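Derivation of every value follows stated rules applied to the coordinates shown; laboratory data play no part. Keep in mind that this is a model prediction, so the values were computed, not measured. No Cβ is skipped: glycine too gets one built from the backbone with ideal geometry, and neighbour counts run over all protein chains shown.
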Amino acid sequence: MKSLTEIVMPQLAESLVSAQIDKWLKQPGDPVDVYEPLCEVLTDKVNAELPSTVKGTLVKILVGDGEKVEVGTPICLIETEGSAAQAPDERSPADGADAEDGRPSEDADQSMRHRYSPAVQKLAAEHQVPLTAIKGSGLGGRITRKDVLAYIENPPRSVRAEAAADVTLEPKLPLRTTGLHLTEPPRVPEVEVEDKADGRRGEYFIDVTPIRNTIARNMRQSVSEIPHAWTTIEVDVTNIVVLRNKMKDEFVKREGVNLTYLAFVMKAVVNAIKDYPILNSVWAVDKIIVKRDINISLAVGTEDALLTPVIRNADHKTIAGLARDIDDLARKTREGKITLNDLQGGTFTVNNTGSFGSILSYPIINYPQAAILSFESIVKRPVVINDMIAVRSMANICLSLDHRILDGVICGRFLQRVKENLESYNLETKLY
């Protein structure tokens, strides 16, 4: 028996009440599988793909490209069979319990064989495990996390042979934990050019995306509400340059990511925040809220936006751990795969403006945080050491501060501590 199912605009985050359909990836008459993306949507935080919650055939599109809709509004109709599979968020509580407790099912049927929980999908995607190759031990043949872990620990011989031959094992279908992924990098904004009557080129127009509109609103709010002040200090990073040059090749072989200067800077900043926790605070009119967790927002630029994904509990991470997180978040941001969860909870922002050659900048505070620090380009300069001139690798670090919370004395001491931490690195410094 066939029936029509309405697909509604989900609430992708607690603060979101609407989203804009960017473009449809499926058209009426196209078959649709569970988790398969239906369309791309634009929100004021990230661009996202909206996955289908059912399997069937798309029969009607209710909201066209470019239209903005409220959360909960139907956007399309999908024709399904009576026993069509449900997405994980539509399962009953009992289903979720059976899926994760790992208990073997006593039922002989396989009706739950292709129903995967988000935890199972995430684990499989991280280890590139094809779920179709795993035998489920859960209710109705459902695959549990224990099944995936067992497969990872003891893969079939064919898989081990492929791994030995450096053949990458890829699932036949993309595995998704949420709809917040894009299949292509962020697009450069489309430009509309208007010709003058005499044939000469006139002005051109760029559509303001929801993300760009949010950036504009937040920057305006930051500079209008927060009394900005800023200060800068010069740091000798010669020892860091020597240490990184010594360790970078071995680090890439071991971790598979680059050992950047930013990881050393972030470690120095985090340790300084431990000594001056007032930097890790927000203004709340009649009180100042000091955050216990040190969650560092990392400013990452794309072709058309600046996003600030968050490294949580940065004070618990080593230099190597920070390097891995920096690489992961920067890559996900530039590939358009950043999630809303990755962007929330930051308490202090670090910006690597030196990556594009800047030597001095005045960063705008990431509202509602109390401060933002920019690490500028490393350049060789002649400096005086013990009344002698030496060529050293030098860099500026710039701090913008909320003058309602912070004053020059505390910020001067904070920057001095960051400087001391950076200049204390040497060849004996441990990365782990």
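Brief remarks on what is shown
- Of residues in segment 324-346 being β-branched (Val, Ile, Thr) and assigned to a helix (DSSP H, G or I), the one nearest to Ala305 (Cα to Cα): Thr333
- Total residues in segment 2-35, condition crowded, with 20+ Cβ neighbours inside 10 Å and either more than 14 Å from Leu50 (Cβ to Cβ) or polar (S, T, N, Q) (or both): 0
- Taking the numbered list (1) out of contact with any helix residue (DSSP H, G or I) (no Cβ under 7 Å at 6 or more places or on another chain); (2) in a strand (DSSP E or B) in turn, Ile397 passes all entries but (1).
- Residue satisfying all of: in segment 300-333; in contact (Cβ under 8 Å) with a residue 60 or more places away in the chain and within 21 Å of Met219 (Cα to Cα); surrounded by the most Cβ atoms within 10 Å (Cβ to Cβ) among these: Leu307
- Of the criteria (1) charged (D, E, K, R); (2) exposed (fewer than 15 other Cβ atoms within 10 Å of the Cβ); (3) not in a strand (DSSP E or B), which one Lys380 fails: (3)
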